[in-house]
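Here's the structure we're looking at; comments come further down.
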Amino acid sequence: MSLISSWISPLAAALLAAVALPAAQAQAPSPMGATAQAVADTRLPASVDAALARARIPRDAVSLLVLDVDGKSAPRLAWRTQVPMNPASVMKLVTTYAALDQLGPAYVWRTPVYFGGPVADGALRGNLYIQGQGDPKLVLERLWLMLRRLQGMGVKVIVGDIVLDRSAFQLPAHDAASFDNEPWRPYNAAPDALLVNYKAVGLGFAPDIGAGVARIQYDPPMSGMETQATVPLAAMNSDCGDWRSKLQLDMSDPQRIAFQGQYAAQCGEKSWSVAPAQPELFAARAIEGMWRELGGKLTGSVHDGRVPAGLQPALQIESPSLAEVVRDVNKYSNNIMAQQVFLTLGMQRTGVASFEASRQVLAQWWQARFGSDQPAVDNGAGLSRNAWVTAGGLGRMLQQAWNSPVMPEFVASMPIVGVDGTLRRSQSRHAGAAHLKTGTLRDASALAGYVDGASGRRYVLVAMANHPNAGAARQAWEALIDWVGAQ
C-alpha cells in the first residue's frame, strides 16, 4: 500500500508506515477557558475548512490549535484540543524534547571496546569485545573509523572471537513483518544496544551501458550473505519511473539479497536502503564484513556475549551529540533513532533499557512539567497503533519548550517549511518562516511546531487528523500554515 504523502522526501518515506487508529475519545472540558472554546466552535479558518471539505475529512476528525508562544493571550484557534489523537511521527517531538530537557544537548553515547588478551606482533591474542550502549548513529563511516583505530593500535589479526555485548537493551522479540508485512523497510527495524547502520544495507546502482548491466555496491559489506553484483539494464527506451519496483527485490532467502527485474539506464546512479532478513545478525555480519574488507584477519567467529568483569576499555567510540541526533530524528523522521533516544531515557535511570522503563520516566517528567493531558507514547517514535496525545497537551509542551534553555537545539531540529527535511516540498507561501514536524501514517496526518507571523509574533501550531482520508490533509495543513503566517 502507498503510505507516503507528496510532502515526504525519499529518505523520510523509507522510515514511515501504515497505522490503524483507536476510536476518538469523548472531548473533555478545555483548560483554555470558555472564550477559547467559543472560538473553537465558530472560527475554523475558511481556507482550512474548505481544504478539509475537498479532502473529505470531517471537522470531527481533526484537532487544531494555534497559540502565541508566550502563552499570555487566548488561543488564536482551538478546535477539539482535548481529544486524544494519534499524532504519527509528531510524537517524536515529545521524545526529543524530553531527552534534551533531561539529558542535555551535549549528551553523547559511548561504545567501549575491550581487549581480552595482549597485543603483540600485530595480533590480539584473545577476544575482542564491543559493548553497545545504545548509540543511535553508529553508521558505516563511524564503524570504519572504529576498526581503523583498532588497526592503528597494532591489531591486524584477532586470535579469538569478536564478542558483541548487546545486553544494555532488554527488549521483547521483534517481528519486522508484524506492523505492515514489509520487513525489508528500514523503518521496521528494531532498536538495539549495538545498532549498526540502522540495520540497513545501502545499495548503490550505477549503470554500465557498455556491459548492459547496472553494477551494485553494498555498504556495509555483509559477511556470510550472498549478494548479486549486477542487474540487467532495461531496454534503452525504458523510463526510470518506479525503479525500485522494477528491480523486483527478492529476499525470500535470508542469506541472500537478489533481484529478479531490471534497471533503467535513464535512472543514472541511485541508492536504496533495505533491511536484510535476520536483523539480530546484522551487527555481526557488518562488523566482520568490514573488518575483513579492511584487511583484518579473524581466527574465530563474531557472536553475542558479555564483557567479562574487570576488563578496562582499550578505546571508546563517542557518538555525535544529542543535539545532532535529535536533528536527524526530527528533520527526517528517523524512527529507529527516535526509539534509541527514547530507550536511553530509561537506561539512564535504571541502567538497563526497556520500553516500560522509558515510558515511566517520560510519564514522571510530563507530570512534573505539564500535569494533565499526559500522552501515551508507546515506543516514542509514533510508529504505533497505541500512541496518542491531545493538541492542548502538545501545545503547552511546545510553549514551554520555546522558553526553555534547549529551545535553540529543539527548534533547529524541525524541518523548515519549503526548505529541508520532510517539508522540503511544501507549497506553503511561508517558505522559510516555520519550523514544523510532520507525521504521516495510514489514517493519520499531523503537523506541529512554530510559525512566524507577519505581525512579528511567533505562534505554536498543532494540527492532527485521524480519518481514513487523513493522507489527503496536506492542502489543509498548508492552508493553516498560511493562515497563521498572515497573523
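Every number here is computed from the coordinates shown, using simple stated rules; none is lab data. Model, not experiment: these values are computed from the prediction. Please note: Cβ atoms are built from the backbone with ideal geometry, for glycine as well, and neighbour counts cover all protein chains shown.
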What helices in the chain pass both tests, a Cα length along the helix axis of 20 Å or more and a mean Kyte hydropathy of 0.0 or higher, using whole DSSP H runs? 335-350
Which lysines have a Cα lying under 19 Å from the Cα of Lys297, excluding residues fewer than 8 positions away in the same chain? Lys156
Candidate lysines for bridging to Lys437, where Cα separation is under 19 Å - those fewer than 8 sequence places away on the same chain excluded: Lys92, Lys331
The chain, dipole about Cα centre (Lys/Arg Cβ +1, Asp/Glu Cβ -1), debye to the nearest 20: 640
Once the piece of chain linking Ala454 and Gln312 is laid out straight, how much longer is it, given 0.36 nm per residue of separation minus the C-alpha distance between them? 45.3 nm
For Asp250, which sequence-distant residues (separation of 5 or more, or a different chain) have an amide H within less than 5 Å of its own amide H, given hydrogens modelled in the peptide plane? Ala258, Phe259, Gln260
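Between Gln374 and Arg149, what is 0.36 nm times their sequence separation minus the Cα-Cα distance? Round to one decimal in nm. Mind showing how you got there, number by number?
Values: separation 225, 0.36 × 225 = 81.00 nm, distance 4.55 nm.
Stretched out fully, the Gln374 to Arg149 stretch lengthens by 76.5 nm.
Compute the orientation-averaged projected area for the range 354-487 from the convex hull of its Cα atoms and round it to one decimal in nm². Each step should come with its number before you reach the end.
Working: hull surface 33.9 nm².
Here the figure is 8.5 nm², rounded to one decimal.
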Can you give the % of DSSP beta bridges in the chain that are antiparallel, to the nearest 5? 80
Mind checking which of Met85, Val196, Ser301 is farthest towards the positive end of the chain's charge dipole, using Cβ charges of +1 (Lys, Arg) and -1 (Asp, Glu) about the Cα centre? Met85
Förster radius 30 Å - calculated FRET efficiency between Asp242 and Met407 (Cβ-Cβ, nearest 0.05): 0.15
If one computes the Cα centroid of the range 324-386 and of the range 44-100, what distance in Å separates the two points? 21
Relative contact order for the chain: what percent, with Cα pairs under 8 Å and sequence separation of 6 or more? 25
Straight-distance crosslink candidates among lysines, where the alpha carbon sits under 26 Å from Lys246 and sequence neighbours closer than 8 are dropped: Lys199, Lys270
Compute the longest continuous run of the chain that contains no exposed trypsin sites (Lys or Arg not before Pro); treat a site as exposed when its DSSP state is not H, G, I, E or B and it has at most 14 other Cβ atoms within 10 Å. 73-305
For the Glu269, Glu226 Cβ pair and Förster radius 22 Å, calculated FRET efficiency rounded to 0.05 is 0.40
Over the chain, the sum of -39500 (n - 2.57) across DSSP H runs of at least four, divided by residue number and rounded to 500 deg cm²/dmol, gives at 222 nm -8500 deg cm²/dmol
